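Every number here is computed from the coordinates shown, using simple stated rules; none is lab data. These figures come from a predicted structure and were not determined experimentally. No Cβ is skipped: glycine too gets one built from the backbone with ideal geometry, and neighbour counts run over all protein chains shown.
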Amino acid sequence: MGSKSDLDWSKKIAKALDNLGITSILRIASAHKVPSKCLEIIKEYEKENVIFITVAGRSNALSGFADAQTHCPVIACPPYSEKFGGNDIYSSLRMPSGVAPMVITEAENAALAAAKIFGLTDEKIRKKVIEYQSKMKEVLEKDDKEIQNG
């Protein structure tokens, strides 16, 4: 997280990760205010099989900074803000060449993307993803039947 104000959004991601069988660790380090702390955290965790999900509102330097410092996948999941009419999303989307964090704007979807990446090599997580997708399909089918039956 870029700051403690990102905690509620990060907890949504952590809960979705937990539902998919993935343990998460929440940390705070601002790429603007204390980039050395960000680098320290990245180097601490990148030795493991890790995906960084970065959560930073306003000007999201965190995601680009994290991605440029590691070989591990980075998923930017900035919390939506009404300020600036949502235009602060551009700081997550417009990255310089060689910097490529994925940008996903929904907390649950960021967790799902991470699970799909882990699922490439972890059968338990892959099964959780398949179960999740099956449940989503069941809900859609149920809703469709309800509409068809009036």
- Query: In degrees from 0 to 90, rounded to the nearest 10, what is the angle of the helix 107-119 Cα long axis to the longest principal axis of the chain?
  - Reply: 90
- Long-range alpha-carbon pairs in segment 51-97, meaning those over 18 Å apart, account in percent for 24
- Task: Compute the Kirkwood hydrodynamic radius of segment 4-148, taking the inverse of the mean of 1/r over all pairs of distinct Cα atoms, and give it in Å to one decimal.
- Result: 16.2
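Counting each DSSP H run of 4 or more residues in the chain as -39500 (n - 2.57), what helix-only mean residue ellipticity at 222 nm follows after dividing by all residues, to the nearest 500 deg cm²/dmol?
Values: 6 runs with 76 residues, N = 150.
Helix-only estimate at 222 nm: -16000 deg cm²/dmol.
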- About the Cα centre, charge dipole magnitude for segment 4-148 (Lys/Arg +1, Asp/Glu -1 at Cβ), debye: 320
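So for Met1, Met136, fewest C-beta neighbours within 10 Å to most, what's the order? Don't skip to the answer; put the middle values down first.
Numbers: Met1 20, Met136 11.
Ascending Cβ contact count within 10 Å gives the list Met136, Met1.
From the square roots a ≥ b ≥ c of the eigenvalues of the alpha-carbon gyration tensor of segment 81-150, which class results: rounded (a/c under 1.5), prolate (a/b over b/c), or oblate?
Values: a/c = 3.85, a/b = 1.36, b/c = 2.82.
Oblate.
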- Rounded FRET efficiency, nearest 0.05, which uses the C-beta distance separating Lys116 from Arg58 and R0 of 22 Å: 0.20
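For Asp8, Asp67, what ranking results if the residue with the fewest other Cβ atoms within 10 Å of its Cβ goes first?
Working: Asp8 11, Asp67 23.
In increasing order of surrounding Cβ atoms, one gets Asp8, Asp67.
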